[in-house]
1. Given a cut-off of 32 Å, what percent of all Cα-Cα pairs of the chain lie beyond it?
2. With the chain treated as a Gaussian network of Cα nodes joined by springs under 10 Å, which of G185, G29, G140 yields the largest mean-square fluctuation?
3. Report the Cα-based extents of segment 154-198 along its three principal axes, largest first, to the nearest Å.
4. How much length, in nm to one decimal, is gained on full extension between R108 and D128, taken as 0.36 nm per residue of separation minus their Cα-Cα distance?
5. Across the Cα atoms of segment 153-235, what radius of gyration and what greatest pairwise Cα-Cα distance (Dmax) are found, in Å?
6. Quote the FRET efficiency, to the nearest 0.05, computed for L189 versus S76 with a Förster distance R0 of 30 Å and r equal to the Cβ-Cβ distance.
7. At 1.4 Å probe size, what's the solvent-accessible area of D216? Round to the nearest 10 Å².
8. If I take every Cα pair under 8 Å that is 6 or more residues apart in segment 62-205, average their sequence separation and divide by the length, what percent do I get for the relative contact order?
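The values are calculated or read from the model by the stated rules, or taken from the named source; none is laboratory data. What you see is a predicted model; the values in this text were computed from it and never measured. Note: ideal-geometry Cβ built from the backbone for every residue, glycine included; neighbour counts use all protein chains shown. For the accessible areas, the whole protein counts, side chains as well, though only heavy atoms, and no ligand, DNA or RNA atoms are used. Shrake-Rupley method; radii C 1.70, N 1.55, O 1.52, S 1.80 Å.
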Amino acid sequence: MENGGDQTRMCRHIAIIMDGNGRWAKERGKIRSLGHKEGLKSTKRLIQHASDRGLKFITLYAFSTENWKRSEEEVSYLMNLIHLHLRQEMKFYKKNRIRVRFIGDLSRLNPSLQEEMKSVERDTAEFDGLTVLLAINYGGRDELRRAVQKMIDSGISRPVTEADIESCLDTAGIPDPDLIIRTAGEQRLSNFLMWQSAYSEFWYSPKLWPDFGPEDFDEAVDAYFGRERRFGGIK
């Protein structure tokens, strides 16, 4: 796409609901874990592509607060896959100067995974390229609940402002997503970035996540730049 890098720099933050790994595996007669493994490959391709295009922030919905309802076997596989990915991809992050952050309630995760997350955040904190926010054990309602609790614990006694709330969110200091992409044909938010998505544009793809590639990402970005964003006003 001509001038793709310039255009994407105007779009600071893209968030993606990566849906369809299980269905991708089922359609091929494979077990769900293989779908998640293929989905991880797609994730890395998209991170590289977003980095190459000059995007500043990308948030990926990796594991929701509701995903604990899945089988113990699948949850364990997903957590091990995340852990393995973090260990193996440090060279990739360093080469591309990608900063990694995590959002969600990480306290429920395995202590060794929590330590790995802290290590990755620390080791990439000074990188100035793409910032990847991985949403793990994340739910929009839970994030708001935790934000309210932080304000209560701080002893705030004056009227609460939007800035107060935003400062207590997991995404504090990160611009709201300009565009939210969801794959696999579903058209709902699924408890993702509920506060931050107030004025986000949405783009839905029928493709399952393992089949979603850079060209699909570019199509979504093109669609975004064809829209007029008024934020409640009139141009």
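1. 19 percent
2. G29
3. Extents along the principal axes: 45, 17, 15 Å.
4. On the way: separation 20, 0.36 × 20 = 7.20 nm, distance 2.98 nm.
That works out to 4.2 nm of additional length.
5. 16.4, 50
6. Details: r = 27 Å, r/R0 = 0.90.
The pair L189/S76 has a calculated efficiency of 0.65.
7. 10 Å²
8. Taking the mean separation of contacting Cα pairs over the length of segment 62-205, I get 24 percent.
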